[in-house]
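Input: a single structure, listed below in structure tokens.
Read-outs throughout are calculated quantities, based only on the coordinates presented, and are distinct from any laboratory measurement. Just so it is clear, the structure is predicted and the values come from calculations on it, not from any experiment. Cβ placement follows ideal geometry from the backbone for every residue including glycine, while neighbour counts extend to all protein chains displayed.
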Amino acid sequence: MNRLGVDFLGFSLKNPIAAASGTFGFGKEYAEFYDINQLGAVCLKGLTLHKKAGNDGVRIWECTGGMLNSIGLENPGVKAFIEEYEETQARIQTVKIVNLGGDSLEEYVEGARLLNQIDIDILELNISCPNVKSGGMLFGVSEDSAYQVTRAVKDITRFPLMVKLSPNVADIAVIAAACEEAGADGLSLINTVQGMAIDIQNRRAVFDNVYAGLSGAAIKPIALRMVHQAAKAVNIPIMGIGGIYSGRDVLEFLMVGASCVQIGTAGFIRPTKLMEILAELKAYCEENDLFLKEIINII
Ligand SMILES: Cc1cc2nc3c(=O)[nH]c(=O)nc-3n(C[C@H](O)[C@H](O)[C@H](O)COP(=O)(O)O)c2cc1C
């Protein structure tokens, strides 16, 4: 009797907790701390068609209630990822979500086409990275471009397609609906919120790119509001993301309409934090005679 089981894009997840893209690498480092296959799913580090070295200067900055990052999608590129996929596949036995970014529509499509060669479970389309100069978030902040990139990738991919949305928009419901109309099978939200940090000694912005992405506890209320709005606007399932630090936080996201969640920054507090959250969730469900499926989208 698994109280934590949820359904998502045709998969029966053993629990609703997934590691968030970019905060878990390809699972190697965390596998030294615990059995990562206890997670419901794992979202791998964001890939782009071509290798990216990432941004210069400061990349991570702790702030009250979370952190700012400006990694700039450092990754080995889709081809190198595919060449080494056997090792990743052997390590990750739970649901595997591959996150794909791009600088142009053509890059997204070519990346998705190449990924068809390997066996992944879900393709997460990152149209919301705030830390790259071209592409990235630009696709996720306009209804038209969100529609076009979703449509183009949906046409080529053989995997269920989940589109990852940016919180840096005026109306998330409009973008969510455009992605659904374009054929997205699911949505994930939110990516990081654009923020800034100042080095007062040197009287300059901390980050070379000036703005960076805020994640962690500080963004949870924003993420809850946006998941709620998106859930009201679409009929496709949602993976909720943003500032989840406890089992109770997971319950909040399910109640506002997420079928499952991703957790990122909390894992930087302690490497075993995701397992602690999972244990809390399990204890809550047992104490309250609750099956998680009962509370999804009740608010
Ligand atoms: C260091 C770092 C790297 C990230 N890299 C990616 C990425 O490659 N692709 C992506 O879609 N999101 C990326 N994100 C965003 C997270 O997946 C997540 O949406 C965000 O951090 C909010 O969740 P959290 O508050 O639980 O961390 C990154 C976040 C952080 C902190």
Connecting C-alpha atoms closer than 10 Å in a GNM of the chain, tell me which of 53, 90, 218 has the biggest fluctuation.
90
Counting Lys +1, Arg +1, Asp -1, Glu -1, what net charge surrounds residue 182 among other residues with beta carbon under 12 Å of its beta carbon?
-4
Hey, could you grab the Kirkwood Rh for segment 85-129? Inverse mean 1/r over distinct alpha carbon pairs, Å, one decimal.
11.4 Å
Radius of gyration, Dmax [segment 12-61; alpha carbons; angstrom]
13.5, 42
When you count, for each residue, the other Cβ atoms within 10 Å and take the mean per peptide, how do 286-294, 75-83 rank with the highest first?
75-83, 286-294
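May I ask for the Kirkwood hydrodynamic radius of the chain, worked out over all distinct Cα pairs and given in angstroms to one decimal?
On the way: mean 1/r = 0.0528 Å⁻¹.
Computed over Cα pairs of the chain, the Kirkwood hydrodynamic radius comes out at 19.0 Å.
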Approximate spin-label separation residue 89-residue 144, in nm, with each point projected 7 Å along Cα-to-Cβ
4.0 nm
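How large is the dipole of the chain about the Cα centre if only Lys and Arg carry +1 and Asp and Glu carry -1, each at its Cβ, rounded to the nearest 20 debye? Walk me through the numbers on the way to the answer.
On the way: 26 positive and 35 negative charges, 77 e Å.
In debye, rounded to 20, the chain gives about 360.
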Considering the chain as a Gaussian network with a 10 Å cut-off on Cα pairs, which listed residue, 216, 243, 27, attains the greatest mean-square fluctuation?
27
For labels at residue 290 and residue 38 in the simple 7 Å Cα→Cβ model, what's the distance in nm?
2.0 nm
Looking only at lysines whose Cα falls under 20 Å of residue 293's and that sit 8 or more positions away or on another chain, we get 14, 232, 282
Return the tail of the calculated pair distribution for segment 160-277, meaning the percent of Cα-Cα pairs more than 21 Å apart.
42 percent
Tail weight of P(r) past 14 Å, computed on alpha-carbon pairs of segment 71-153, percent:
63 percent
Where Rh is the Kirkwood radius over the Cα pairs of segment 225-299, the temperature 20 °C and the viscosity 1.002 mPa s, what D in µm²/s does Stokes-Einstein return?
169 µm²/s
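Taking the Kirkwood radius as the inverse of the mean 1/r across Cα pairs, report the Rg/Rh of segment 1-122.
Details: Rg = 15.6 Å, Rh = 15.7 Å.
With Rh from the inverse mean 1/r over Cα pairs, Rg/Rh is 0.99.
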Those aspartates and glutamates that a straight Cα-Cα span of less than 15 Å connects to residue 79, excepting residues fewer than 8 apart in one chain
87, 107, 110, 119
Cut-off 14 Å between beta-carbons: net charge of the residues surrounding residue 299, Lys and Arg +1, Asp and Glu -1
0
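Within the set of other residues whose C-beta is less than 10 Å from the C-beta of residue 59, count the net charge using Lys and Arg as +1 and Asp and Glu as -1. Numbers along the way, then the final one.
Numbers: positive: none; negative: 56, 74, 208.
Net charge in that neighbourhood comes out at -3.
Helix-derived [θ] at 222 nm for the chain: sum -39500 (n - 2.57) over DSSP H runs of at least 4, divide by residue count, nearest 500?
Numbers: 8 runs with 86 residues, N = 299.
One gets -8500 deg cm²/dmol as the mean residue ellipticity at 222 nm.
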